[in-house]
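Participant: First, the structure itself, so that you have it in front of you.
The values are calculated or read from the model by the stated rules, or taken from the named source; none is laboratory data. Computed from a predicted model, the values in this text were never measured in an experiment. For neighbour counting, all protein chains shown are included, and Cβ atoms are generated from backbone atoms with ideal geometry for every residue, glycine included.
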Amino acid sequence: MSAPPLLPRARVEAVHVGRVADLPFSGGVVRSAFAKRAVTGPIGVAVGGLDGDEQGDRRHHGGPDKAICVYPAEHYPWFSSCLGRPAPRPALGENLTVRGAVEDDVCVGDRWRIDAVVAEVSLPRNPCFKVGARHRVRDAVRWMERTGRTGYYLRVLEPGALATGAVIELLERPHPAATIAEANRVMHHDPLDRAALTALLAAPALGDSWRRTFERRLADGVVEDATGRRLGPAPNQDGI
C-alpha cells in the first residue's frame, strides 16, 4: 500500500464546542453535548480538549485519546444527500471541521501543528446512536460505518490556542500504513483480519479503546456486539 499524501493544503474550516444538554431520543432524552456551536476567534486547547467543550457520557467520550473530534468538510455533501436535506455544521458533533484531511489521507500517530497546538491522531471516531438521534435518522451510524466517513480523534501533546482558518502542518508520520480508513475497514468490515489487527496494534499511538478491542479479537476470535452503540438503549418502534 502506498503512503497517503502529506496534507499539503489541510486547514481548519470551523471550530465548535458544546455544553451538555437534553438530546431527544426514543420518546425521552439523553444528556449530550453533541449539538455544538461555532467559536469565533482563538480558543484555548488543553490536554482534555477545547475550552468550554463538554461530554455527556464520560465513559465513551472525552479523555486524552479523544480530546478533539475532527470531521472532514468533504463529507458534508454526502451526508446531506443521505439525509435528504442540508446538514448544517457541525452536523456530526465535531470540534474541528477540516478540509484536506480525509480518512484515507490521515494515519494513526500523525503529529500535527495547528496554530500553537501540537496534536496526535489517536483513533477513528466510532459513531454512536446520538448521530441518529440528532438527525432523527436511525441508519446514520450505518452510513458512516459503511463508507468509512467517520471522522477521527486527536490527543493534545502541546496545549495552546487555535482558530478557524488555521493551517494543519504535518510534523511526523511514523505509521504510514495505519490510515484511519484502514482502521475503519478492520473495525467495521473485516473484524478478524489477524494480519491487519496485528499491524494496527503495532502503532503505539492507537487509542486505548480500539487497542483493547483489537487485542480481544486476536485473543478470542470473537467480534463484539455493537447494537447498543449503534441504536442506543431500548429504541422505540421508529428507532429514534
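Participant: Looking only at the stretch 211-240, filter to residues that are touching a helix residue (DSSP H, G or I) at 6+ places or on another chain (Cβ under 6 Å), over 16 Å from Asp190 (Cα atoms) and not small (Gly, Ala, Ser); which one of those is modelled with the lowest pLDDT?
Facilitator: Ile240
Participant: Anything in the stretch 207-225 that is in contact with a strand residue (DSSP E or B) (Cβ under 6 Å, 6 or more places away or on another chain) and part of a loop (DSSP other than H, G, I, E, B)? List them, or say none.
Facilitator: Residue satisfying the conditions is Gly207 alone.
Participant: Cβ-Cβ under 6 Å, sequence separation 6+ or interchain: first residue in the stretch 18-32 and acidic (Asp, Glu), partner exposed (fewer than 13 other Cβ atoms within 10 Å of the Cβ) and in a strand (DSSP E or B). Which pairs?
Facilitator: Asp22/Val29
Participant: Output the number of the condition that Ile168 fails; it satisfies all remaining conditions of (1) within 14 Å of the chain's Cα centre (by Cα); (2) of a type outside the set (Ser, Thr, Tyr); (3) surrounded by 22 or more Cβ atoms within 10 Å (Cβ to Cβ).
Facilitator: Tallying (1) within 14 Å of the chain's Cα centre (by Cα); (2) of a type outside the set (Ser, Thr, Tyr); (3) surrounded by 22 or more Cβ atoms within 10 Å (Cβ to Cβ), Ile168 fails exactly one: (1).
Participant: Residues that are among the hydrophobic types (A, V, I, L, M, F, W, C), outside any loop (DSSP other than H, G, I, E, B), in contact with a strand residue (DSSP E or B) (Cβ under 6 Å, 6 or more places away or on another chain) and surrounded by fewer than 18 Cβ atoms within 10 Å (Cβ to Cβ): does the stretch 33-47 have at least one?
Facilitator: Scanning the stretch 33-47 turns up at least one residue that is among the hydrophobic types (A, V, I, L, M, F, W, C), outside any loop (DSSP other than H, G, I, E, B), in contact with a strand residue (DSSP E or B) (Cβ under 6 Å, 6 or more places away or on another chain) and surrounded by fewer than 18 Cβ atoms within 10 Å (Cβ to Cβ).
Participant: Can you tell me which residues in the stretch 1-13 are surrounded by fewer than 20 Cβ atoms within 10 Å (Cβ to Cβ) and closer than 26 Å to Ala140 by Cβ?
Facilitator: Matches in the stretch 1-13: Glu13 only.
Participant: Can I ask one more? Here are some conditions: (1) part of a helix (DSSP H, G or I); (2) touching a His at 6+ places or on another chain (Cβ under 9 Å). Glu182 meets all but one. Which one does it not meet?
Facilitator: (2)
Participant: Next up: I'm checking my understanding of the structure. Among residues of the stretch 14-32 that are under 19 Å from Leu162 (Cα atoms) and out of contact with any Gly (no Cβ under 6 Å at 6 or more places or on another chain), which one is surrounded by the most Cβ atoms within 10 Å (Cβ to Cβ)?
Facilitator: It comes out as Val15.
Participant: Something else: How many of the residues making up the stretch 81-105 are farther than 13 Å from Arg11 by Cα and not charged (D, E, K, R)?
Facilitator: Total satisfying the criteria: 12.
Participant: Now for a different question. Which of (1) within 17 Å of the chain's Cα centre (by Cα); (2) closer than 20 Å to Ala202 by Cα; (3) surrounded by fewer than 17 Cβ atoms within 10 Å (Cβ to Cβ) is the odd one out, the single condition Asp110 does not satisfy?
Facilitator: (3)
Participant: Going by the structure shown, is Arg173 among the basic types (Lys, Arg), modelled with pLDDT of 95 or more, more than 30 Å from Gly27 (Cα to Cα) and crowded, with 16+ Cβ neighbours inside 10 Å?
Facilitator: yes
Participant: Enumerate the strands (runs of 3 or more DSSP E) found wholly within the stretch 83-175, keeping only those where 1 or more residues are within 16 Å of Asp65 (Cα to Cα) and among the basic types (Lys, Arg).
Facilitator: 111-114, 152-158
Participant: Need pairs with beta-carbon distance below 9 Å; first residue under 28 Å from Pro42 (Cα atoms) and within the stretch 167-188, second polar (S, T, N, Q); sequence gap 6+ or separate chains.
Facilitator: From residues that are under 28 Å from Pro42 (Cα atoms), the pairs are Ile180/Thr150.
Participant: Here is a follow-up. Identify all residues within the stretch 99-139 that are touching a Lys or Arg at 6+ places or on another chain (Cβ under 8 Å) and over 28 Å from Gly44 (Cβ atoms); write none if there are none.
Facilitator: Phe129, Gly132
Participant: I've got another one for you. In the set Ala203, Ala161, Ala219, which member is surrounded by fewer than 16 Cβ atoms within 10 Å (Cβ to Cβ) and either within 30 Å of Arg136 (Cα to Cα) or out of contact with any Ser or Thr (no Cβ under 6 Å at 6 or more places or on another chain) (or both)?
Facilitator: Ala219
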